[in-house]
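Scroll down for the structure; my scribbles are underneath it.
The values are calculated or read from the model by the stated rules, or taken from the named source; none is laboratory data. Computed from a predicted model, the values in this text were never measured in an experiment. Cβ coordinates were reconstructed from backbone atoms using ideal geometry, including for glycine residues, and neighbour counts include every protein chain displayed.
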Amino acid sequence: MSVESHPPCVRELRQVLLWPLRLMPVRGSEGRHAKPWEVLADMGEASPWREVVDEFTGDSQRFHERHYNEFVTFLPYVQRFLYGEGRSQKGGSATGSPMRVFRRSDVSAVRAVLHPGAAPITLDIVHVDLYFFLDLDLVLLNVEVSARDLALPQAQELLYRFGRGYPAGWDADGHAQHCLFSAEWLDAAGQVLAQSDANQRDLFMAHVSSHRAPRIAAHWAWLLEPLVSDHSERSGPLRYRQIEYYRMPQLAFLALDDPRALSRSDFVRLGLVTGAARPGDDPCLPYAEDHLADFEQRFCYDRFWSSSGAAPYTRYLCSGHSLLVLGDANSPFFVCRDRGVLAQFRHQHFLLFLIAHFQKAALLMFSDRLAEALKNLDIADAASVRRFKRTIRDSFASFLRFTHRYWFHEVSEQAQVRALFRMCSSHLGLDPLYTEVKERIGEMNQYLDADSLRRQANTVVRLTVVTIFGLIGTVTTGFLGMNLLAEADAPVGQKLGIFALVFVFTTALTVYTMVKSKRLSDFLDVLSDERASAWQKVRALGLVWRRTGE
C-alpha cells in the first residue's frame, strides 16, 4: 500500500523545543552585574514567569521513582550541576544547583496550521520554561507540546515547521516558507493570546535592513516577554540575542501502531527533520543515496531495534540538532510515563540533550564576547583599551569557571545515555569548538600578559635611567660628606628656603629625566657599545634633544 493512501498513524507525539539565547549583561543599580533570574523574579506580577520549585527542592511527597531514576542515571559531577547538593547529616545548609528554572502557566495550547488551507492542529502545552545558568549570560527556552492520533506526514511537518524563530523566506504568493503557516498561543479557555506574523514579509525585511539582525516572529517574541530582543525598539532590563541557528534544537517522542511499517525514507525524514514528502513528489529518499549511504551508522542507535525486550522495536535517531525516539504504541513499557521509555525521554534524554546544547551555546557566547571586544577596541583611546583588557580578563575567568563547573565529556555510565550523549556531542562538534574557543581566549590572555610585561620592562628601563643620572648628582654632592654651602648655622627660614629651592630643582630634573628616559636609554645603549665610535656616541647624545620628525 502507498504512503499517500494509508500513512502510518502516530498515536502519541511529544515535541520538546530547546532554544539557546544569549542574554545581554544586566547592570545593577550599583554598577555590578545582576543575576538575570533575580531581575525576572523582582518583576513580580509584571512577569508571567515563576521560579520552579522542583521535586528535588520542594515537598518530598512529590518525589517519584522516575525522579530517582533520573538522578542516579548521571555521574556525581553532573548531579551537582543539575541538582546541587543537599543538606549534610550534620544539618549543614543545602547548596542549590547553578541552573535556575522559571515557568509560565498561562499558555495551555498552540493551534498550528501547516499549509494554506490545511485544517488546524491543536497541540497541548505540557510546559514552557526558561533555564538560567550561574556565571553565564545565557538562557534556554524550553517548550514541550503533545498531540495524539496524527498521520505520520502531519507529525513530520510539525517537527519540521514548528520551532523556527522566524521565516527563512517567502514563496511567490507571499507565504512564509519552512515554518508554520499560522501559529496561535491559546489560554485555558481557548482564547488567542498571541499569533504569528511570519507572512508579513515587509516587517521582517525592514527590520533586517535597519538593524542587520533578524526579527523574531511575534508569537515567539510574546512567549519570551518580558525578555525582549536586543535589536527591538522596546525597552526592557532583560535583553537577548540569537546565538545559534533560527531552527530550535528539538527532541521528539513518537508512539506508532507498528514502527516496522516505516520505510527507510520515513526514518531519514524523521532523523534529519526534513518534513514530509509533498503531494506529487517522489516518496523515496529526500537526498541522494550516496549522501545517505551511512545514515544508519551515523544517526541511528539500534540497540533496542529488535523483537525482544520490554519495548520491542524502539529506535533512537540523533543528528545533534534533533534527538528522536520512536517505538510501538502497543508496548506498555514504551508509553509508560513513570518507568518506561516515555519517562526516560522526558527526564534522562532531555537532560543529556540540554547539557550538550548548553555547552555549545556557552562556547558560542564566549566567541561572541571576544569578537565584540575586538570590534569595540580603539587603541588610540585609553578608556577603550582599559575596557578591552577588563573584558578579556573577565572572559578568561568565566571560561575557567565554565570548564571546571560545566564542561565534561561523559555524563553517565549507563550505556544508552552515554552513547546518545556521545552521538549528540559528536554531531554538534563540541570538542573542536571547545578547543578553538580555548585557544582564542588563551591567545588574548597571552597578549595581555605580554603587553603587561612590556610595560613593566619599559618602566624598569625608565627608572634605571633616572637612577643612573641621579646617581651622578648623589655621589657628587655626597662625596666624603662634603657640603658646598655651609648653612648649618643659618636661620631656619633661610634653610627652609634653600631646601625648597633644591627640592623644586631636583623634582624638575627628575621629571625631565623621566620625559627623556627613552632617548637617554638609547644613548646609554650606544655608550655601552664597544663597537660604536666616539662620534657615534656623541651623535647619540645629541639625539636626546632632537625634535621628533627632524
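Could you check how many residues of segment 388-398 are more than 15 Å from residue 371 (Cβ to Cβ) and touching a residue at least 12 places away in the same chain (Cβ under 8 Å)? Residues that pass the stated criteria total 4. Filtering segment 305-320 for residues that are surrounded by fewer than 22 Cβ atoms within 10 Å (Cβ to Cβ), of a type in the set (S, T, N, Q) and closer than 28 Å to residue 129 by Cα leaves a non-empty set. When residue 180 is tested against (1) surrounded by fewer than 19 Cβ atoms within 10 Å (Cβ to Cβ); (2) touching a helix residue (DSSP H, G or I) at 6+ places or on another chain (Cβ under 8 Å), only condition (1) is not met. If you take the residues of segment 200-220 that are in a loop (DSSP other than H, G, I, E, B) and under 16 Å from residue 162 (Cβ atoms), which of them is farthest from the chain's Cα centre (by Cα)? Result: 217. The listed residues are 251, 223, and the only one of them that is assigned to a helix (DSSP H, G or I), touching a residue at least 24 places away in the same chain (Cβ under 8 Å) and among the aliphatic types (A, V, I, L, M) turns out to be 223.
Selection of segment 289-304 for residues being buried (at least 19 other Cβ atoms within 10 Å of the Cβ) and either at positive phi or polar (S, T, N, Q) (or both) yields an empty set. Please verify whether residue 398 is at pLDDT below 95 and in contact with an Asp or Glu (Cβ under 8 Å, 6 or more places away or on another chain), treating the condition exactly as stated. Judged against the criteria, residue 398 is a match. Selection of segment 321-338 for residues being surrounded by fewer than 21 Cβ atoms within 10 Å (Cβ to Cβ) and either over 20 Å from residue 306 (Cα atoms) or hydrophobic (A, V, I, L, M, F, W, C) (or both) yields 321, 329, 333, 335, 336, 337, 338. Taking the criterion of being within 16 Å of residue 116 (Cα to Cα) and of a type in the set (Gly, Ala, Ser), the residues of segment 152-173 that qualify are 169, 172.
Here 174, 190 are screened, and the one residue that is over 22 Å from residue 14 (Cα atoms), loosely packed, with under 14 Cβ neighbours inside 10 Å, of a type outside the set (A, V, I, L, M) and over 29 Å from the mean Cα position of the chain (by Cα) is 174.
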